[in-house]
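Just below is one structure, and these are the notes that go with it.
The values are calculated or read from the model by the stated rules, or taken from the named source; none is laboratory data. Here the structure is a predicted model, which means the values were calculated and not measured. Note that each Cβ is placed from the backbone with ideal geometry, even for glycine, and that neighbours are counted across all protein chains shown.
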Amino acid sequence: MYLVKTPPIIKTIFSDLIWNIDTNEKEVFLTFDDGPIPDLTPWILDLLDEYKFKATFFCVGDNVRKYPYIYKRILSEGHLVGNHTYNHLNGWLTDTEDYVENVGKADDVIEGNLFRPPYGKLKPTQSTVLKQDKTIVMWDVLSGDFDRSISKEKCLSNVLDNYKEGSIIVFHDNFKAEANLRFVLPLLFENLIDCGFKAKNLECLTMAYA
């Protein structure tokens with residue numbers, strides 16, 4: 001069970017986390033979690049380059065260790081990266097000390113101060129520690145690309161029906177999401193262009209919260 005569109009009440013209760021970007025410009029903020037991995041992440045980068053869009057990749061530290069050349073490509077092409085823990089830990093199921101240590105391990109291979117908890121699950125004690133030197137980025141629209149029980153068309157409509165100015169949209173560059181992602185991204189990018197939108201990375205957060 002997951003919410004495609006984050007309700008305003010959740011954003012209000014957890015107002016110390018970033019859910020969307022306050023802007024009146026026609027721009028959205030694409031994010032990709034769990035990579036980098038071969039084949040899929042490079043395909044995403046090729047597509048972003050074709051449309052002149054930018055994105056933010058919340059990387060798993062162990063994947064960066066395995067595929068440093070893809071990680072370096074992400075940065076060299078003007079995209080941003082964020083920390084997604086070293087081993088894709090579920091914060092609710094992990095001791096706070098162990099969780100923070102795992103995030104720190106990922107910091108050794110991932111640049112910057114942006115962090116997104118895997119599954120969006122984070123204990124208050126973990127959040128308190130991490131906020132001391134990180135900006136915790138959540139989302140406004142969850143594509144559901146990881147959900148193999150929904151059709152590709154439903155995954156696309158999850159995004160098209162819910163994005164607006166300033167939306168932070170979540171996709172996943174992992175094997176579970178690949179089929180949906182390869183269908184959805186080109187059609188979404190065409191829709192963004194047709195509607196006059198740009199897709200940007202979250203550089204505004206690195207400047208505002210540096």
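Assorted remarks:
- Among residues of region 9-20 that are over 14 Å from T135 (Cβ atoms), those with a Cβ under 9 angstrom from a residue that is of a type outside the set (A, V, I, L, M), sequence gap 6+ or separate chain, pair up as I10/W19; K11/W19; K11/N20; K11/D140.
- Residue check for V60: surrounded by 24 or more Cβ atoms within 10 Å (Cβ to Cβ), farther than 22 Å from G166 by Cα and not hydroxyl-bearing (S, T, Y): yes
- Output for region 112-133, where each listed residue is surrounded by fewer than 23 Cβ atoms within 10 Å (Cβ to Cβ) and under 15 Å from the mean Cα position of the chain (by Cα): G112, N113, P118, Y119, G120, K121
- Where I74 falls short, out of the listed (1) in contact with a Gly (Cβ under 6 Å, 6 or more places away or on another chain); (2) of a type outside the set (D, E); (3) over 23 Å from L130 (Cα atoms): (1)
- Among the residues listed as E77, E101, E27, the single one being in contact with a helix residue (DSSP H, G or I) (Cβ under 8 Å, 6 or more places away or on another chain), of a type in the set (D, E) and surrounded by fewer than 20 Cβ atoms within 10 Å (Cβ to Cβ): E77
- Count - residues of region 54-103 that are among the charged types (D, E, K, R), closer than 18 Å to P36 by Cβ and more than 16 Å from the chain's Cα centre (by Cα): 6
- Count of region 1-23 residues which are out of contact with any strand residue (DSSP E or B) (no Cβ under 7 Å at 6 or more places or on another chain), farther than 14 Å from L142 by Cβ and part of a loop (DSSP other than H, G, I, E, B): 5
- Evaluating N24 against the criteria (1) at pLDDT 95 or above; (2) farther than 19 Å from V184 by Cβ leaves one unmet condition, (1).
- Residue within region 48-55 that is surrounded by fewer than 23 Cβ atoms within 10 Å (Cβ to Cβ), of a type in the set (F, W, Y), farther than 18 Å from L114 by Cβ and touching a helix residue (DSSP H, G or I) at 6+ places or on another chain (Cβ under 6 Å) present: yes
- Pairing each residue of region 112-135 that is in contact (Cβ under 8 Å) with a residue 60 or more places away in the chain with any residue that is surrounded by 16 or more Cβ atoms within 10 Å (Cβ to Cβ) and part of a helix (DSSP H, G or I), provided the two are 6+ apart or on different chains, yields C-beta distances under 6 Å for T135/L205.
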